[in-house]
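Participant: Here it is: the structure, laid out below.
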Amino acid sequence: MDFDFLKQANLALPADEKNLNLIQNSFLEVVKQSFHATELDPLLLEGIKISIFRSITIIVELGISPLDPEILPEYKVLVGEIKEVYHHLNPEPNSNWLEECIAYGEKKAYHWDWKHFGSKELF
């Protein structure tokens, strides 16, 4: 799978070789497990891929494995939420849909960190 969708959203692959390999391999595994791309509109597919990529990038930056058993099921939820919003909004290709998907993936990653790791420290 190529990562051309990142250019469209002005995202870049990390320069750090170790994290780059981890992010790319994790992304491919998550995509394989989370949805079937053949049944999706191109704009929806781009939004899902960008959101997953951004969430994985943040998770790696937080020092968490993107394939952690507690995190892995969260990607399917993320995909479902993006599909639901996409079908509700029916965004145009020139809208800010992709930027919103990037922001949503980022927010979800921080939420997962708190939900699965940070909140346990509080209680």
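No lab work stands behind these numbers, since they all come straight from the coordinates. Everything numeric in this text was worked out from a predicted model, so none of it was measured. Here Cβ is always computed from backbone atoms with ideal geometry, including for glycine, and neighbour counts include all displayed protein chains.
Participant: What list of ³J(HN,Hα) values in whole Hz, one per residue of region 88-105 in order, does the Karplus curve 6.51 cos²θ - 1.76 cosθ + 1.60 (θ = phi - 60°) give from phi, with Gly and Pro shown as x?
Facilitator: So the Karplus estimates, Gly and Pro as x, are 6, 8, 6, x, 7, x, 8, 7, 8, 3, 5, 5, 5, 5, 4, 4, 5, x Hz.
Participant: How would you rank 78-86, 65-73, 92-100, highest first, on the average number of other Cβ atoms within 10 Å across their residues? Display every interim value, and only then the final one.
Facilitator: On the way: 78-86: 17.2, 65-73: 15.0, 92-100: 13.3.
In descending order of packing, they fall as 78-86, 65-73, 92-100.
Participant: Between Leu67 and Asn90, what is 0.36 nm times their sequence separation minus the Cα-Cα distance? Round to one decimal in nm. Don't jump to the answer; show the numbers that get you there.
Facilitator: Numbers: separation 23, 0.36 × 23 = 8.28 nm, distance 3.08 nm.
5.2 nm is the gain from fully extending Leu67 to Asn90.
Participant: Of the residues Val30, Val60, Val77, which exhibits the maximal mean-square fluctuation in a Gaussian network model of the chain defined by a 10 Å Cα contact cut-off?
Facilitator: In the Gaussian network model the winner is Val77.
Participant: Sum -39500 (n - 2.57) across every DSSP H segment of at least 4 residues in the chain, then divide by the residue count to get the 222 nm mean residue ellipticity, nearest 500. It would help to have the intermediate numbers written out before the result.
Facilitator: Working: 6 runs with 81 residues, N = 123.
Rounded to the nearest 500, the figure is -21000 deg cm²/dmol.
Participant: Please list 3J(HN,Hα) in residue order for region 39-44, calculated via the Karplus relation 6.51 cos²θ - 1.76 cosθ + 1.60 where θ = phi - 60°; whole Hz, with x for glycine and proline.
Facilitator: 9, 10, 4, x, 5, 5
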